[in-house]
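The values are calculated or read from the model by the stated rules, or taken from the named source; none is laboratory data. The structure presented is a predicted model; accordingly, all values stated were derived computationally and were not measured. Cβ coordinates were reconstructed from backbone atoms using ideal geometry, including for glycine residues, and neighbour counts include every protein chain displayed. For accessibility, only protein heavy atoms count, side chains too; no ligands or nucleic acids. Shrake-Rupley method; radii C 1.70, N 1.55, O 1.52, S 1.80 Å.
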Amino acid sequence: MAEVEKKEEREVPYYETVLGASPEKLATVDYKPPAKPWMDVPPKFKKLDYLNPAKVKWMKVIDLPFPREWSPPDEDWKLPENWKEIFLNGMEDRLKRFRSFQLFMDICVRCGACADKCQFFIGGGDPKNMPVLRAELLRSIYRRYFTTSGKILGKIAGARELTVDVIKELFKYSFQCTECRRCSVFCPYGIDMAEITMIARELLLLLGMHVNWAIEPVGKSFLTGNHMGLLPHTIKDFMDEYRDELEKITGFKVDVPMNRKGAEILYIVPSGDFFDERGVILTIATLLYFYHIGLDYTWSTYTSEGGNFGLFTSHEMIKRLNAKMYAEAKRLKVKWILGGECGHMWRVINQYMGTVNGPADFLEEPVSPITGTKFENAKDTKMVHIAEFTADLIRHGKLKLDPSRNDHVIATYHDSCNPSRAMGLFEEPRYIIKNVCNNFYEMPESCIREKTFCCGGGAGLGTDEQLETLLRGNFPRSNATKHVHEKFGVNRLLCMCAIDRAVLSMGLSYWCPQVTVGGVHELLANALVIPGESPRTVDLRRQPLKRPITPGKIAGKEA
Amino acid sequence: MSFGLSFWVSLIAVLALILVAWVGVEGAKLNFLFGAIIPYVAIAIFVVGMIYRILKWASIPLPFRIPTTTGQQKSLPWIKQNKIENPSTALGAAIRMVFEVLLFRSLFRNMRTELRPGPRLSFASAKWLWLAALAFHYSFLIILIRHLRLFIEPVPSPVKFLEMIDSFFQVWVPLVYITDLMLIGAVTYLLLRRVFIPQMRYISLPSDYFPLFLILGIGITGGLMRYFYKVNVVGIKELTMGLINFSPKIPEGIGVLFYIHLFLVSTLFAYFPFSKLMHMAGVFLSPTRNIANNNRAKRHINPWNYPVKVHTYEEYEDDYREFMKDAGLPLEKED
Ligand code: HEM
Ligand code: SF4
Ligand code: SF4
């Protein structure tokens, strides 16, 4: 058994011990709403089940207001004196700046179509995690202070006073939403809870309140270029190590271009690829892949983060962190940018980057140096998704692939929420997977593609600080994985997102420990038939292969 | 608001409206108020209110292009794009809107998530909401169009044709309109699900029950007039034609039931711009549905995009120059 798997099997008792609840017990969900009307149910912060507030140090790094020490279970949240005014002014300002926000406050009919679509409601049963009610938390304030009927009729019009308890409630439920947009797929008016949660979090931020799991990465990313705060020389050391590991496994000694000026392509990945165990394998795979196709590219330590926790913080912070990508592309004088396997990174690139930091007129319209394919769909932002790039190569027969080299893997594919519902990246990864792996089984239709579930840890929730909520939110995805594990023997959950790789691993270790998690390009690199390769018996994560690789042979036969 | 309060407040409000009209006409003989002034005021509020709300929405910027993509994006030429669910052109987005508005496309996706022992999540088909919403809206629309016969003389042939289709399955005299049954049936369903599904009951507000009771009231009074208590149709047409020609006349002997019906309709119109019923207009402006997902190909402009503080490469290099030098990373400035 490979190292990765052994370690995960050990984690099962770990989460069970922490929670004191078996999967069977945790999955006994009571969906019956409380007898009390929701406005009369104050928020509670269960021990070990809330996200810790942003630390003063990191708040200061990125100039956030009212940095202070506090904790959700505290009675006193040390709100600034004129908190109410700040909050309401902030709301008024945003109602004038975001049509989405104003519209979504106005037109919900409370039809309930979205109610049982949120993984946090499905896995937890708390009615305030129904998207419609999550929105009503803020909508009730909107009615009270910004509509005539709410001002006059109060509760009868569904309005309520803004109190400290309301602030606490907003804090709690804004951080039990991963901004995954699943609800918005089902809403007849496309009301997008992600949009409302983003605004709610901005409002909380005006009062100096956010979670450290988002703010520390934002601060570190601002200073060092990545969420983990890895310094340039550390990244260089890591990359050298991965290069050596690749050589040990495959015999290939490859170059690791770093901060190299004049490369054709700047390659940007989520920083998980530099340290997270599954991400690292993806990096090793990428090194091999790019070496094989002879790509003229560079990594960058300044943009050592594709992810952008600004998306979970505020619209302004999206722009502040994202600015580095174009700045670095300009400095290195590359032609265009290629982006790695990451989820919310792609929401930012596809829906925000051009708008906030464009136009990228110093770059060229992306063209594949190998096939000559023009990426028309990226001609303005000049940033191409690695799956688009690879699918094009495979289609043009530029890669010699032996899918049988992945015969030890029985795979299913998890569509990450952001590339699914904020981009529509469905076929490219599937095309790659089907070309590099003989055993691929889809999870049920109702929970893949645009209807995919969130891993439960997006938008700054991916920490075991809030373990119970995380595992509950993860339940629908892990449960579908378990279904294909039992039915088809699936042992690998593929995904294209760094948060997924970490959070799905956590979730599966609890719900379905027989399945491991990995990136799509890991399997691609496993399947590459490369001239000059040496015989080997393990894959890139040093897991034994079904059939040892004999150089030049495909599926055991002469190529 | 508790369920009981929300439900009863709304029901009582509608009953009170009925009482007001009844007392006003039967008792106080305020026929002109209820037959002319109130309808005029209601229509004025409706028109002005709708325009105001729509202009207000439209005047708010759309800073980001945020369509919810529910199909394959446009990427490589050989990958089949879903041009409707993930449009890359304005035309595609327009077609997507047609599906949303005419067929309630998104609601059609609805399914019920069930947690079974095991634990096993399963997803069951749940199209009743979609069906009832569609039945409700189309019968409402057709009934509205049928009412044109009261305002146009001679009655236009499309309206007559619609009436004929609508009463095609004759079971009764006078003709029973299918849409009347559909409207009442669908509204009753929408109401019952609010009352009996615990989650629906938990989220429902008076503003959810009120329009349902109001429309039910309109449907029932309309039905009573047509099928049970004969009203003076000639007189009513005289009144409605007077209204439409801005020379209101109040003929004798129309019957209080008509005034109640008209008052409820007036209330609905006047209430419309202040309520969730504005979804009718709002759906057209929904930014997750009505724009193309082509941001990477075509830059979207945010009118309030402002400069922000960033950490430049130069600052970064200044912070870590020694480390970078030792690691052999290229530098812009040697110390
Ligand atoms: C003349 C235009 C319209 C009117 C008068 C109208 C009115 C209503 C009313 C009264 C309800 C009942 C809400 C409830 O259950 O309490 C409703 C619900 C609904 N409407 Fe409309 N609507 C209109 C247009 C539209 C359009 C264009 C759409 C399409 C997107 C739409 C979609 C819905 C849906 C999905 C519901 C949910 C049913 C529910 O709430 O249980 N409506 N509408
Ligand atoms: S589906 Fe949309 S309209 Fe219906 S309750 Fe949810 S947010 Fe409101
Ligand atoms: S965006 Fe996702 S997590 Fe948030 S309410 Fe909607 S379904 Fe739930």
For B:ALA126, the lone unmet condition from (1) open to solvent by less than 20 Å² (accessible area, probe 1.4 Å); (2) more than 7 Å from chain A (Cβ to nearest Cβ); (3) farther than 19 Å from A:CYS118 by Cβ is (3)
Residue under question is A:ASN474, and the condition is that it be open to solvent by less than 10 Å² (accessible area, probe 1.4 Å), of a type outside the set (Phe, Trp, Tyr) and touching a residue at least 24 places away in the same chain (Cβ under 8 Å); does it hold?
yes
So, in segment B:33-75, exactly how many residues are of a type in the set (Gly, Ala, Ser) and under 30 Å from A:ASP415 (Cβ atoms)?
2
Residue by residue through segment B:70-99, note down the ones that are out of contact with any helix residue (DSSP H, G or I) (no Cβ under 6 Å at 6 or more places or on another chain) and under 17 Å from A:SER184 (Cβ atoms).
B:GLY71, B:GLN73, B:ASN82, B:GLU85, B:ASN86, B:ALA93, B:ARG96, B:MET97
So A:SER174 clears everything in (1) touching a residue at least 60 places away in the same chain (Cβ under 8 Å); (2) crowded, with 24+ Cβ neighbours inside 10 Å; (3) not assigned by TED's automatic domain parsing to the domain that holds A:THR313 except one condition, right? Which one?
(1)
Failed item, numbered, when A:PRO131 is tested on (1) under 30 Å from the mean Cα position of the chain (by Cα); (2) within 26 Å of A:TYR50 (Cα to Cα); (3) more than 15 Å from ligand 3 (Cβ to nearest atom):
(3)
Contact list please: Cβ distance under 7 Å, first residue in segment B:190-209 and closer than 14 Å to A:VAL109 by Cα, second residue within 12 Å of ligand 2 (Cβ to nearest atom) and open to solvent by 20 Å² or more (accessible area, probe 1.4 Å), pairs at least six apart or on different chains.
B:SER207/B:LYS276
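Out of B:ARG201, B:ARG226, B:ARG194, B:ARG146, which single residue is open to solvent by 60 Å² or more (accessible area, probe 1.4 Å), more than 16 Å from ligand 3 (Cβ to nearest atom), of a type in the set (Lys, Arg) and within 25 Å of B:MET278 (Cα to Cα)? Steps first, answer last, please.
Numbers: B:ARG226 fails: within 25 Å of B:MET278 (Cα to Cα); B:ARG194 fails: open to solvent by 60 Å² or more (accessible area, probe 1.4 Å); B:ARG146 fails: open to solvent by 60 Å² or more (accessible area, probe 1.4 Å).
The unique qualifying residue is B:ARG201.
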Residues (facing another protein chain (nearest Cβ under 9 Å) and more than 18 Å from A:GLY310 (Cβ to Cβ)) located in segment A:329-359:
A:ARG331, A:PRO359
Test for A:PRO72: is it surrounded by 18 or more Cβ atoms within 10 Å (Cβ to Cβ) and modelled with pLDDT of 95 or more
yes
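When you scan segment B:283-298, do you find a residue that is surrounded by fewer than 18 Cβ atoms within 10 Å (Cβ to Cβ) and in a loop (DSSP other than H, G, I, E, B), even just one? Spell out how you get there, then give the answer.
Our first condition is that a residue be surrounded by fewer than 18 Cβ atoms within 10 Å (Cβ to Cβ); within segment B:283-298, this holds for B:284, B:298.
Now restrict to residues that are in a loop (DSSP other than H, G, I, E, B): B:298.
For segment B:283-298, residues surrounded by fewer than 18 Cβ atoms within 10 Å (Cβ to Cβ) and in a loop (DSSP other than H, G, I, E, B): present.
Within segment A:309-323, is even one residue touching an Asp or Glu at 6+ places or on another chain (Cβ under 6 Å) and buried (at least 24 other Cβ atoms within 10 Å of the Cβ)? First the steps, then the outcome.
Applying the first criterion (touching an Asp or Glu at 6+ places or on another chain (Cβ under 6 Å)) to segment A:309-323 yields A:314.
The next check asks that each one be buried (at least 24 other Cβ atoms within 10 Å of the Cβ); those that pass are none.
Within segment A:309-323, none of the residues are touching an Asp or Glu at 6+ places or on another chain (Cβ under 6 Å) and buried (at least 24 other Cβ atoms within 10 Å of the Cβ).
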Any residue in segment B:317-335 that is at the interface with another protein chain (Cβ under 7 Å from one of its Cβ atoms) and under 15 Å from A:LYS261 (Cα atoms) sitting within a Cβ distance under 8 Å of a residue that is open to solvent by 90 Å² or more (accessible area, probe 1.4 Å) and part of a loop (DSSP other than H, G, I, E, B)? List the pairs, counting only those 6 or more apart or interchain.
B:PRO330/A:LYS261
Only one of (1) assigned to a loop (DSSP other than H, G, I, E, B); (2) among the small types (Gly, Ala, Ser); (3) under 30 Å from A:PRO403 (Cα atoms) is not met by A:GLY457, so which one is it?
(3)
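Using the structure shown, decide if A:ARG110 is at the interface with another protein chain (Cβ under 10 Å from one of its Cβ atoms), touching an Asp or Glu at 6+ places or on another chain (Cβ under 6 Å) and modelled with pLDDT of 95 or more.
Working: at the interface with another protein chain (Cβ under 10 Å from one of its Cβ atoms): yes; touching an Asp or Glu at 6+ places or on another chain (Cβ under 6 Å): yes; modelled with pLDDT of 95 or more: yes.
Judged against the criteria, A:ARG110 is a match.
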Scan segment B:1-37 for residues that are in contact with a Lys or Arg (Cβ under 9 Å, 6 or more places away or on another chain), open to solvent by 40 Å² or more (accessible area, probe 1.4 Å), small (Gly, Ala, Ser) and part of a helix (DSSP H, G or I) and report the count.
0
Qualifying position, being outside any loop (DSSP other than H, G, I, E, B) and at the interface with chain A (Cβ under 7 Å from one of its Cβ atoms), among B:HIS261, B:HIS311, B:HIS279
B:HIS279
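With respect to A:MET1, determine if the residue is loosely packed, with under 11 Cβ neighbours inside 10 Å and either at pLDDT 95 or above or not polar (S, T, N, Q) (or both). Working first, answer last.
Numbers: loosely packed, with under 11 Cβ neighbours inside 10 Å: yes; either at pLDDT 95 or above or not polar (S, T, N, Q) (or both): yes.
So A:MET1 fits the description; yes.
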I'm told B:GLY71 meets every condition in (1) in a loop (DSSP other than H, G, I, E, B); (2) over 30 Å from A:HIS483 (Cα atoms); (3) within 7 Å of chain A (Cβ to nearest Cβ) except one. Can you identify the failing condition by its number?
(2)
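Here's the yes/no breakdown for (1) away from ligand 2 (no atom under 16 Å from the Cβ); (2) of a type in the set (Lys, Arg); (3) closer than 23 Å to A:LYS117 by Cα:
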site: A:ASN406; (1), (2), (3): yes, no, no
site: A:TYR413; (1), (2), (3): yes, no, yes
site: A:SER416; (1), (2), (3): yes, no, yes
site: A:ARG421; (1), (2), (3): no, yes, yes
site: A:GLU445; (1), (2), (3): yes, no, yes
site: A:THR452; (1), (2), (3): yes, no, yes
site: A:LEU467; (1), (2), (3): yes, no, yes
site: A:LEU470; (1), (2), (3): yes, no, yes
site: A:ARG501; (1), (2), (3): yes, yes, yes
Among the residues of segment A:188-205, write down those that are within 14 Å of ligand 3 (Cβ to nearest atom) and of a type in the set (A, V, I, L, M).
A:ILE191, A:MET193, A:ALA194, A:ILE196, A:MET198, A:ILE199, A:ALA200
Quick one: A:ASP116 ticks every box in (1) at the interface with chain B (Cβ under 8 Å from one of its Cβ atoms); (2) open to solvent by 20 Å² or more (accessible area, probe 1.4 Å); (3) under 27 Å from the mean Cα position of the chain (by Cα); (4) over 30 Å from B:SER125 (Cβ atoms) except a single one, so which number is it?
(4)
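Take the residues in segment B:38-68 that are aromatic (Phe, Trp, Tyr) and facing chain A (nearest Cβ under 8 Å), then tell me which one is surrounded by the most Cβ atoms within 10 Å (Cβ to Cβ). Let's see the steps before the verdict.
Filtering segment B:38-68 for residues aromatic (Phe, Trp, Tyr) gives B:40, B:46, B:52, B:57, B:64.
Imposing the further condition that a residue be facing chain A (nearest Cβ under 8 Å) reduces the set to B:57, B:64.
Values: B:TRP57: 19, B:PHE64: 21.
Per the criteria, the residue is B:PHE64.
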Is it the case, given these coordinates, that B:PHE246 is in contact (Cβ under 8 Å) with a residue 40 or more places away in the chain and either polar (S, T, N, Q) or open to solvent by 20 Å² or more (accessible area, probe 1.4 Å) (or both)?
no
Can we say B:ARG112 is more than 18 Å from the chain's Cα centre (by Cα), more than 17 Å from B:MET182 (Cβ to Cβ) and within 16 Å of ligand 1 (Cβ to nearest atom)?
yes
Helices (runs of 4 or more DSSP H) wholly inside segment A:129-226 containing at least 2 residues that are within 16 Å of ligand 1 (Cβ to nearest atom) and on the phi < 0 side of the Ramachandran plot:
A:131-146, A:182-186
Taking A:CYS455 and the conditions (1) in contact with a strand residue (DSSP E or B) (Cβ under 7 Å, 6 or more places away or on another chain); (2) buried (at least 24 other Cβ atoms within 10 Å of the Cβ); (3) more than 10 Å from chain B (Cβ to nearest Cβ), which numbered condition does it fall short on, given that it satisfies the others?
(1)
